[in-house]
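Notes for the one structure printed next.
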Ligand SMILES: [Cu+2]
């Protein structure tokens, strides 16, 4: 009888643990930024490196040709406007948010 209670308690504790560790994970959102002015793959990798070094950005892929940066970020640490600002400030290219479709 006691064993059954203990087992129930352990199961419940385990589920709570799983739930809290899921909650603790970083939130991730994705934004697409149109980057204008890139002339080659080297330009794209420059933008990539700038984004890589920016706080709150988890992952990013800069496409050339295509002229778009797909940026995964933590919405608690940065936002799309800031990401656009960083590209404009630290590279020679212009950036703007892609229209949501
Ligand atoms: Cu280039």
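Readers should treat all values here as calculations from the given coordinates under stated rules, not as data from a laboratory. Keep in mind that this is a model prediction, so the values were computed, not measured. Note that we place each Cβ from the backbone using ideal geometry, even for glycine, and neighbour counts take in every protein chain shown.
Table for the structure above
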| quantity | calculated |
| --- | --- |
| Selected from 35, 16, 70 as most flexible by GNM, with the chain as the system and alpha-carbon contacts under 10 Å | 16 |
| Expected 222 nm ellipticity per residue - DSSP helices of 4 or more, -39500 (n - 2.57), all of the chain, to 500 | -15000 deg cm²/dmol |
| Length released on extending from residue 58 to residue 72, taking residue separation times 0.36 nm less the Cα-Cα span | 4.5 nm |
| Crossing angle, helix 80-90 versus the chain [Cα axis fit, 0-90 degrees, rounded to tens] | 40 degrees |
| Cα-based helix-to-principal-axis angle, 41-52 vs the chain, degrees rounded to 10 | 40 degrees |
| Unit Cα scatterers, Debye sum, region 54-101: log10 I(q)/I(0) for q = 0.14, 0.26, 0.27, 0.32 Å⁻¹ | -0.33, -1.14, -1.21, -1.41 |
| Length-normalised contact order for the chain - Cα pairs under 8 Å, 6+ apart - percent | 31 percent |
| Ascending count of other beta-carbon atoms within 10 Å, so fewest first, for 81, 88 | 81, 88 |
| Residue order, fewest to most beta carbons within 10 Å, for 21, 94 | 21, 94 |
| Calculated P(r) of the chain - Cα pairs past 17 Å, % | 57 percent |
| Rounded to 10°, Cα long-axis angle of helix 2-24 versus longest principal axis of the chain | 10 degrees |
| Which of 5, 57, 83 has the fewest Cβ neighbours within 10 Å, and the rest in rising order | 5, 57, 83 |
| Label point distance in nm, residue 3-residue 27, each placed 7 Å from Cα along Cα→Cβ | 4.6 nm |
